[in-house]
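To start, the structure itself, in structure tokens.
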Amino acid sequence: MSDQTAKIGDNWPSLIGKRLPRVDAVEKVNGDAKYAGDFNLAGQLWMKILRSPHAHAKIISIDASKALEMPGVKAVVTAEDFNNWSWGWGPTTRDETPLAEGKVRYFAEAVAAIAAEDEETAEEACALIDVIYEELPGVFDAEEAMQDGAPQVHDYVENNQSWDFHMDYGDVEKGFAEADLVREDRFETGRTLTGFLEPPAAVAQYDTAGITIYAAKQSPYFIYRQLASCFKLPLSKVRVIQPYVGGGFGGTKNDSTAGDFCAVMLAKKTKRPVKFVYNMEEVLTTCRRRHNMIVDCKMGMKKDGTITAVQTKVIADGGAFTAIGPLTMYLTGIMTTLPYKLDNYKHDAYRIFTNHPVSAAMRGHGVTHTRFAAEIQMEKMADELGIDPLEVRMINAIEAPHETINGITVDTCGLKEGLEIVSSSSAWKDKDQNKKDGPVVRGVGISGTSHLGGARQRGHQSCAAIVRLCEDGTVNYLTGASDAGQGSDTVLVQLVAEELGLTMEDVTIQRVDTAMTPVDNGSYGSRVTILAGQAAQKAAQEIKRQLADAAAKIWEVEAEKILFNDRTVFVDGDPDKSMPFKKLTQIACYSESGAVIIGKGYSEYGLEKMDFEKGYGNPGVNYSFTSQLSAVDVDLETGMVSAKDFLIAHDCGRPLHPVNVEAQTQGAASQGLGQALYENFKMHEGRTMNSTMVNYMMPLSTEHPDFELHDIITDDPHGPFGAKEASEGSIISTPPSIVSAIHDATGIWFTKLPVTPEKIVLALKEKKERENAQIEENK
Amino acid sequence: MENITCNFVVNGQAEEISLPPNRTLLHMLRENLLFHGVREGCSHGECGSCNVILDGKLVNACLILAVEADGLEILTVEGMADGEDLHPIQQAFVDESGMQCGACTTGMILSTKNLLDANPDPSREEIKDALAGNFCRCTGYAKIFESVEAAAETMKGGQQ
């Protein structure tokens, strides 16, 4: 950064690092922002989906004749219409059909859909479809599903094994032999909802131009490819237009839904636009959720706290289909070698089909589970060895540069600095004095975690950008990257404006329209700022090169000497030679027969080879580090836990938009709070028992603690202006720090998330009984 | 089901609408009058994204039938700004970045108005209580609380 600063002067960078308003703020506060469900096309029909009343059943027959006789009903769609087409993450995992074909594999799976003149008619008509089922025994527990003789979710898959993934680096047996203490513990993570407030919705059209669909997607190019494949159309005839998106957080809004496929099919059949909006019960019962996992963790530690080996075994409830599950399994292992030094690591992950709704990605994808297990186990062992929770982390924390045993390369790391910040707080130093006598006891816990930015997976990886210079000196910026609320549009506009020396108002970002914007893999794995950001910079640089050539001719200097800042173009070292950006634009655009100035750019970070099968090489472009202190009050009588303070020191390289970085850290911590204390789908024979927002409990305003945030600046060489991940780190650091805080308050280590009041009361009762028995024994 | 003709004053504008008796206030506002700033989230009165002010009271528009609002005044987020000039509460949400995806924001703003109309100088705890019926998954609420505090500060200065 310093070289360029010297060139342009003290006011560079003029936008990066500034506390600017979001580019979408005004339309979001005045009601103008339009979401998918706000679109209405002339002549549109409404669609409703008929869903399965069984978790596992053969479909014997479907008779929609009565429904079709109902006035206002225009068409029905069933599996037959899709002609055996199926979809999935990889060539061997295309196990999902738009509508259930032959059998249903989870409760409320989509079976048929109706298009009618209005929503009520469509819903009533769905009830008239006569489906005859033959119920099958279901399997609702991943460990049971692995046993011989368990009901098979897919006939061709034995023991219901959806996917497995294995890593073996160093020599864990040797590592355990060298340890002074070896522990084995079982941890469990909950089945949680991503929790977006805007349900899936779309309006679809199908005509000779192909498909046009306004759809609520955080990764619109997934559905673009899926619709082209499903309807056997060239990609050039699939137009996905992305309205504002009301939250994503992974999973559902990355993929297509049954609703999307059915709406397009019904639009094709009826030759009219078809609209649907899922209700919240459909979201809670059928949308993709986070895998709940069993993590068996074994760790070896020396007396001084050094970790000698870690072995993890993961069993994940995958639900009825594979979806993106193979990537989840990969991430449970690959990231366990960060952020603590580890020479010996073995990992075995099994994703298991059950008759549950499909599990897929959610913020902190895969990493949250194994990191939670390893953090808590490390602290338990330190506790046994009489080592302070901070000290055990400082002993084992990596320092940059670092290469893990599985080939992850870390060039910048602010973990130790972060741990020092959280531990120098009065909340940590005075924790024993602040404990209180009860019944409400204050507990304080810490954690130190890592996450990847610029997630990589097999296949398409790069981001692209097109910047079009308008002849009045303003700019249209086209990107395939999408903002589901995280604020990436603001950061990308900042990067374009910064490169061109313009203001935020000079740059207009176009939301994704696959007929116009360049293809992009999507918004997941904290990849937008890093990869779409680099593409944006490069596209803007191409504009600059063309303008610099024009300016160089005017001033008869080398193009390299032309600089752009503050809506002005000038010659380096010759302040008399300068003109407004707008004027140069006009000269360049109006010269000779006229020029059209367009810049394009592609991301180039993270292109080196990786071995997905063995978990070797970089799963991301760079790595963030999060250190967190959580202070909670635990009521020893009721078991109620109340989060009071979160102190988070996050190394995101450099915050390009500090307000967004804070907001992302706070939001991810909020979801981590939900996972730690409240959230879990309660299942009974495949049914989701808490299927409304009233009884599936996500944290509300009153549950939130006060935040104290610290940025650790490390300027990573593999991100625009040094940026790394900023949107997922604290969803990983929050649960272990809360569980550690509950231990501090109660003396009990909880290993199953969420830690509910019931679990706390029962564990305290057991502890009391054990202590009483001990007293009796000692008498 | 026969339609019923109702009269409303929405954001100061008189409206006469013929609608089925089972139509909610939410669907009337969204589908008959196209006020999309009134958002549909949970449809169970839990999330607050459909908050409007009905005759001076904050309500969840999903829980009220439109016919129950016959003859009453309704304020939606679209009625907050004065032309191009945002209401101080809206401006505070812009200035403090009190939103991410925006799905809860419009309801949050009406809840804030309801709070500040009754209590111009709320404590942090009072703000938390006032917004307990407005679900936000994105922000962790910190910047929303700061937005409400900033709005209270501006409005104490005599604006609106």
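The values are calculated or read from the model by the stated rules, or taken from the named source; none is laboratory data. Fair warning: this is a prediction, and the values are worked out from it, not measured in the lab. Cβ sites come from the backbone with ideal geometry, for glycine too, and all protein chains shown count toward neighbours. Areas reflect the complete protein model, heavy atoms only, side chains present, ligands, DNA and RNA absent. Shrake-Rupley method; radii C 1.70, N 1.55, O 1.52, S 1.80 Å.
A few notes on this one:
- Rg/Rh for segment B:40-125, where both radii come from Cα atoms and Rh is the Kirkwood radius: 0.97
- Taking the Cα centre of segment B:4-78 as reference, the dipole from Cβ charges on Lys and Arg (+1) and Asp and Glu (-1) amounts to some 160 debye.
- Once the 1.4 Å probe is applied to the protein heavy atoms, chain A comes out at 36 Å² accessible per residue.
- With R₀ set to 30 Å, the beta-carbon distance separating A:LEU762 from A:GLU134 gives a calculated FRET efficiency near 0.15.
- Square roots of five times the Cα gyration tensor eigenvalues for segment B:28-81, Å: 15, 13, 11
- Kirkwood hydrodynamic radius over Cα pairs of segment A:444-576, then Stokes diffusion coefficient at 25 °C and 0.890 mPa s, in µm²/s: 151 µm²/s
- Using equal-weight Cα scatterers in the Debye expression, the normalised intensity of segment A:176-218 in log10 at q = 0.30 Å⁻¹ is -1.07.
- Dipole magnitude of segment B:88-156, debye to nearest 20 (Cβ charges: Lys/Arg +1, Asp/Glu -1, about Cα centre): 260 debye
- FRET efficiency for A:ASP164 and A:GLU399, using Cβ-Cβ distance with R0 set to 35 Å, rounded to 0.05: 0.55
- Computed over the protein assembly as shown, the per-residue total of -39500 (n - 2.57) for DSSP H runs of n ≥ 4 gives a 222 nm mean residue ellipticity of -8500 deg cm²/dmol, rounded to 500.
- Average other protein chain Cβ within 10 Å of Cβ, residues A:700-710: 5
- Using only Cα coordinates, the Kirkwood hydrodynamic radius of segment A:551-635 works out to 18.4 Å.
- For segment A:502-651, the share of alpha carbon pairs falling in successive 10 Å distance bins from zero is 8, 24, 22, 20, 14, 7, 4, 1, 0 percent.
- Put simply, the convex hull of the Cα atoms in segment A:141-181 casts, on average, a shadow of 4.8 nm².
- Electrostatic tally near A:ALA209: other residues with Cβ closer than 10 Å to its Cβ, Lys and Arg +1, Asp and Glu -1, net +1.
- Solvent-accessible area assigned to carbon and sulfur over segment B:4-78 amounts to 47 percent, based on a 1.4 Å probe.
- For segment A:678-779, GluC sites (Glu not before Pro) meeting the loop criterion (DSSP other than H, G, I, E, B) and having at most 14 other Cβ atoms within 10 Å: A:GLU685.
- Loop trypsin sites (Lys or Arg not before Pro), segment A:510-615 (other Cβ atoms within 10 Å of the site Cβ: 13 or fewer; DSSP): A:LYS609
- Computed over the Cα atoms of segment B:1-62, pair by distinct pair, the Kirkwood hydrodynamic radius stands at 12.1 angstrom.
- Based on Cα contacts under 8 Å between residues 6+ apart, chain A shows a relative contact order of 15 percent.
- Globularity index of segment A:184-262, i.e. its alpha-carbon radius of gyration over 2.2 N^0.38 Å: 1.34
- Using bins of 5 Å that start at zero, the share of Cα-Cα pairs per bin across segment A:530-597 amounts to 4, 17, 27, 23, 15, 9, 4, 1, in whole %.
- Spin-label pair A:LYS174/A:ASP576, simplified geometry with 7 Å Cα→Cβ offset, distance in nm: 7.3 nm
- Annotation: extensible slack from A:THR702 through A:GLU420 equals 98.5 nm (criterion: 0.36 nm per residue apart, minus Cα-Cα distance).
- Against chain B, whose longest principal axis comes from its Cα atoms, helix B:105-118 is set at around 80 degrees.
- Pairwise Cα separations in the protein assembly as shown fall into 20 Å bins from 0 onward with the following percentages, short to long: 14, 45, 34, 7, 0, 0.
- Taking all protein chains into account, the per residue accessible area for chain B stands at 40 Å² (1.4 Å probe).
- Backbone N within segment A:292-322 under 20 Å of label point (7 Å from A:THR92 Cα along the Cβ vector): A:314-322
- Residues losing 20 Å² or more accessible surface upon assembly, segment A:484-501, compared with the chain by itself, 1.4 Å: A:GLY485
- Lysines with Cα under 16 Å of A:LYS34, excluding same-chain neighbours fewer than 8 positions away: A:LYS217, A:LYS275
- A convex hull fitted around the alpha carbon atoms of segment B:88-156 yields 69 Å³ per residue.
- Taking every DSSP bridge with both residues inside chain A, close to 80 percent are antiparallel.
- Using only alpha carbons, segment A:330-485 has a radius of gyration to Kirkwood radius ratio (Rg to Rh) of 1.09.
- Solvent-accessible area of segment A:521-562 (1.4 angstrom probe, protein heavy atoms only): carbon and sulfur portion equals 44 percent.
- At least 10 Å² accessible surface lost relative to isolated chain, residues of segment A:656-678 (1.4 Å probe): A:VAL659, A:GLU662, A:ALA663, A:GLN664, A:GLN666, A:GLY667, A:SER670, A:GLN671
- FRET efficiency estimate (nearest 0.05) - Cβ-Cβ, A:GLU592 to A:GLU613, R0 45 angstrom: 0.20
- Under 19 Å from the Cα of A:LYS303 - lysines, other chains or at least 8 residues apart: A:LYS174, A:LYS341, A:LYS380
- Value in Å of the Kirkwood radius, where chain B supplies the Cα pairs that are averaged: 15.9 Å
- Interface area, chains A and B: about 3800 Å² of buried accessible surface, summed, with a 1.4 Å probe and ligands, DNA and RNA left out.
- Globularity index of segment A:74-225, i.e. its alpha-carbon radius of gyration over 2.2 N^0.38 Å: 1.50
- Kirkwood-based Rg to Rh ratio, segment A:409-514, C-alpha trace: 1.22
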